[in-house]
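Notes follow the structure.
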Amino acid sequence: MTTEPEQWDGDLQHVAQPAPLLQSWAWGEVQARSGWSLQRVRLGHDALASVQLRSVGPAREAYVPRGPAPATADSVAALVDWARGARIARLVVEPEAPAEFGEVLSERGFTRVAPVQPQHTRILKLLPPDELMQTFRHGRRYNIRTGIKRGVTVEEGKDAAELARQSAAVERREAIHLPSRAYYQHLLDLLPWCRTYTAYSPDKREPLATVLVARFAGRAYSLFAGRTGARRELMGNDLAWWAAISAAAEAGCTDFDLWGIPPPHARPGHPWEGLGMFKSEFGGDAVAYTGAWQLDLSGLGARILGADRRARAFIRGLKRNIP
């Protein structure tokens with residue numbers, strides 16, 4: 001007998017190819033453990049939306065990451081109708097659709113807002129590892145081979161603690177906010193396939209870098225990564241990424257989403273400039289999505305939600321500036 005999660009994911013893969021990880025049943029379970037309420041909505045026979053909900057007093061906000069699926073004018077219209085019926089004050093969607101889809105959303109009254117998920121990414125078409133390595137740029141191939149020669153090893157596991165430790169170093173270095181160890185553990189525990197890849201020094205005493213990868217419907221996603229910056233001459237970061245990518249290829253995944261790069265023609269000094277250069281050396285295709293769009297359905301509710309968001313952003317800023 002087919003379970004409800006299996007039915008949802010099967011229907012999702014039927015209506016969208018590739019099916020978005022962030023619309024999967026398990027992703028919704030992760031968000032439910034992280035403070036969101038969740039509602040899975042069937043928008044007629046051929047569209048779905050896994051909707052994350054939060055309330056501030058009487059006002060409710062609905063967020064649909066990488067949805068609805070598929071991203072069509074009809075599915076958006078059906079989602080708006082559902083939101084009105086559910087008395088949602090603000091609806092935010094972030095469809096897995098090209099930039100041109102913004103015209104559809106604009107016609108429906110949506111306005112562009114800052115993205116929550118990466119709007120720009122790089123996706124590698126996977127080949128057998130030996131062939132795949134040859135598609136990388138020379139510098140990336142050199143670093144990977146150097147790391148192997150110097151004795152770096154990579155362990156696949158479910159090490160949320162090490163990822164949190166490596167990510168904390170990135171937070172300090174880049175002055176950004178990354179999830180907690182508990183969130184990483186939810187991903188590792190609840191997604192159908194999710195692992196960490198941690199690179200170690202030759203004596204296996206010092207972790208150098210960790211990458212967290214999820215797989216869903218034939219696509220692998222490098223959702224989070226961290227590195228302390230220690231022992232850079234060992235190329236541990238390159239080896240951790242290579243282990244994750246090559247393992248996905250060997251497992252039969254079709255492609256690998258590197259999950260976040262700067263926008264095209266970004267000015268020098270962009271916060272993701274170094275990350276973008278690093279990922280570009282793996283090759284693949286740069287992909288641009290339409291980004292996040294917001295529709296306010298209640299003026300009063302939208303004002304309440306906006307005030308709450310500004311207050312939370314102010315508090316995050318204070319915490320970031322505390323030594």
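The values are calculated or read from the model by the stated rules, or taken from the named source; none is laboratory data. Note that this is a predicted model, so its numbers are computed, not measured. Backbone-built Cβ (ideal geometry, glycine too); neighbour counts: all protein chains shown. SASA here: full protein model, heavy atoms, side chains in, ligands and nucleic acids out. Shrake-Rupley method; radii C 1.70, N 1.55, O 1.52, S 1.80 Å.
With a 1.4 Å probe and all protein chains kept in place, how do ARG205, ARG303, ARG150, ARG195 rank by accessible area, largest first?
ARG205, ARG303, ARG150, ARG195
Could you please state, rounded to a whole Å, how far the C-alpha centre of segment 99-151 is from the C-alpha centre of segment 1-49?
One Cα centre to the other: 24 Å.
Would you mind classifying segment 23-75 by shape? Square roots of the alpha carbon gyration tensor eigenvalues, ordered a ≥ b ≥ c; an a/c under 1.5 is rounded, otherwise it is prolate if a/b is larger than b/c and oblate if not.
Oblate, since a/c reaches 1.5 and b/c is not below a/b.
Just add up the charged neighbours of ALA288: K/R +1, D/E -1, any other residue whose Cβ is under 12 Å from the Cβ of ALA288.
Taking every other residue near ALA288 into account, the sum is -2.
Write down the accessible area per residue of the chain in Å², having rolled a 1.4 Å probe over the full set of protein chains.
With all protein chains present, the chain gives 49 Å² per residue.
Could you please state how large a percent of the accessible area of segment 1-72 is carbon and sulfur, counting protein chains only and using a 1.4 Å probe?
48
What is the packing order of peptides 91-97, 157-163, 213-219, taking the mean over residues of other C-beta atoms within 10 Å and listing the highest first?
Final packing ranking: 91-97, 213-219, 157-163.
Past 19 Å, Cα to Cα, is the threshold; run LYS204/LYS279; LYS125/LYS279; LYS149/LYS204 against it and keep the listed order.
Checking Cα-Cα distances, LYS204/LYS279 exceed 19 Å.
Let me see the P(r) profile for segment 209-323: every Cα-Cα distance counted, bins of 10 Å, each bin given as a percent of all pairs.
Computed distribution, short to long bins: 11, 28, 30, 23, 8, 1.
Please list log₁₀ I(q)/I(0) at q = 0.12 Å⁻¹ for segment 14-116, using the Debye equation with identical point scatterers on the alpha-carbon positions.
Here log10 of I(q) over I(0) equals -0.36.
When the helix-only estimate is applied to the chain (DSSP H runs of n ≥ 4, each -39,500 (n - 2.57), divided by the residue count), what is the mean residue ellipticity at 222 nm, nearest 500 deg cm²/dmol?
Dividing the helical sum by the residues of the chain leaves -12500 deg cm²/dmol.
Radius of gyration and Dmax for the chain's Cα atoms, expressed in Å?
Considering the chain through its Cα atoms, Rg and Dmax are 20.4, 62 Å.
Between GLU156 and GLN39, what is 0.36 nm times their sequence separation minus the Cα-Cα distance? Round to one decimal in nm.
38.8 nm
I'd like the distance between the alpha-carbon centres of segment 217-242 and segment 289-305, rounded to an integer number of Å.
For segment 217-242 versus segment 289-305, the Cα centre distance is 36 Å.
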